[in-house]
1. Given C-alpha coordinates of the chain, what is the ratio Rg to Rh with the Kirkwood estimate of Rh?
2. So what are the three principal axis dimensions of the stretch 136-201 from its Cα atoms, in whole Å, longest to shortest?
3. Can you send over the solvent-accessible area of Thr93, 1.4 Å probe, protein chains only, in Å² to the nearest 10?
4. Any lysines with Cα under 22 Å of the Lys153 Cα? List them, leaving off those in the same chain fewer than 8 positions away.
5. How do Phe335, Phe161, Phe63 stack up against each other in accessible area, from largest to smallest, with a 1.4 angstrom probe?
6. Count the net charge of all other residues whose Cβ sits under 12 Å from the Cβ of Ile96, scoring Lys and Arg as +1 and Asp and Glu as -1.
7. Let me cross-check Val256: its accessible surface, 1.4 Å probe, with only protein heavy atoms counted, in Å² to the nearest 10?
8. Which residues in the stretch 84-113 place their backbone N less than 13 Å from a point set 7 Å from the Cα of Ser9 along the Cα-to-Cβ direction?
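The values are calculated or read from the model by the stated rules, or taken from the named source; none is laboratory data. Predicted, not measured: the structure shown is a model, and the values here were computed from it. Cβ placement follows ideal geometry from the backbone for every residue including glycine, while neighbour counts extend to all protein chains displayed. Keep in mind that these areas ignore ligands, DNA and RNA; they rest on the heavy atoms of the full protein, side chains included. Shrake-Rupley method; radii C 1.70, N 1.55, O 1.52, S 1.80 Å.
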Amino acid sequence: MLYAGLDLSRRRLDFHLLDTEGTTVEVGAAPPDADGLQTLTRRLDRHRAPIRAAIESMNGARFVHDQLELAGWEVEIADAQKVKGLAPLACKTDRIDAWVLAELARRDLVPAIWLPDPSVRAERERARWRLHLVRHRSSLKQRVHAVLLAHGKPCPVSDLFGVSGRQLLAALGLPEPWQGSIDASLRLIDELDREIGDCERELRRLGADHRSVSLLCTVPGISWVLAYTIAAEIGDINRFPTPRKLAGYSGLCPRVYQSGERDLRGPLSKQGPRYPRWALVEAATHACTAPIYRDRYQQTKARIGKHRGAKVAQVDLARRLAEAIWHMLTRQQPFAPKGATDPLAA
């Protein structure tokens, strides 16, 4: 068995090949495209030994993983943060990174991440693309509000981009280039509305047959859009052995600094992908008014204080939602408060 460490950058893939004794067999680089990876596998096939490789998680690592596994390699994608914890470096270069990954593969210490199958990856891409478009639309709307504020124009309507709001914007008569910026922003907002509508129709169609979406829609604060997003980001619920593991994956747990008698709690760890964290916090924003969670939210908010209380209470509620979701998906049961006999009692 040979062990390869792969360090990926935009234009090249550095590799370091070790044998079972830790002796360097070969060092080099290859282009990270399909032709370059095919050439690399043919080049290393002359050693006539199976290869186990490790590559850090980053954009493009999944493509390299898939191409090399098709060539017969055994490839693991390592958590970049955990690799730094296992092997801190005083001198960091691409070649040293490749050697470190090869050593971790040889010692069977690669902190490998879970790889979703193609169907889950497609679900994630659909949900993330919709969120990407929504954020662009929000940014354009904020820019229009900023232009009005800069020119001392009040906004007497509740929805500046509804019918009455559009009439108000058309009658402003601001000087150029500000009026042109508003007109262009409105055209882009209309186009984004159409694209987002198409995305949501597709998500609703696909979510109708998804076994987890219907269950998640029974949770207070979760509609079908958030349900689809959470289901896609979680993937296989069985990879989380406990509810706390799911909450930790979402990055909603605080950092802990503990030494002797000293125990400090810092900000959120924000480990893992940001999309499930956003979805759970968004759900908590709506769930805080539900009867089952309202008292806890208000008590936490009052205990922390008016400056940070709302945010802390919101994150606390998001963690509780994550734990409830774990129990629901593990048991394949709708949401129910503790002690309820009717599964839809909430």
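1. Rounded to two decimals, Rg over Rh is 1.06.
2. For the stretch 136-201, the Cα extents along the three principal axes come out at 39, 24, 17 Å.
3. Spelled out: Thr93, probe radius 1.4 Å, area about 60 Å².
4. Answer for Lys153, where 22 Å is the Cα cut-off: Lys141, listed by chain and number.
5. The most accessible residue leads, giving Phe63, Phe161, Phe335.
6. -3
7. 80 Å²
8. Inside the label zone: 92-98.
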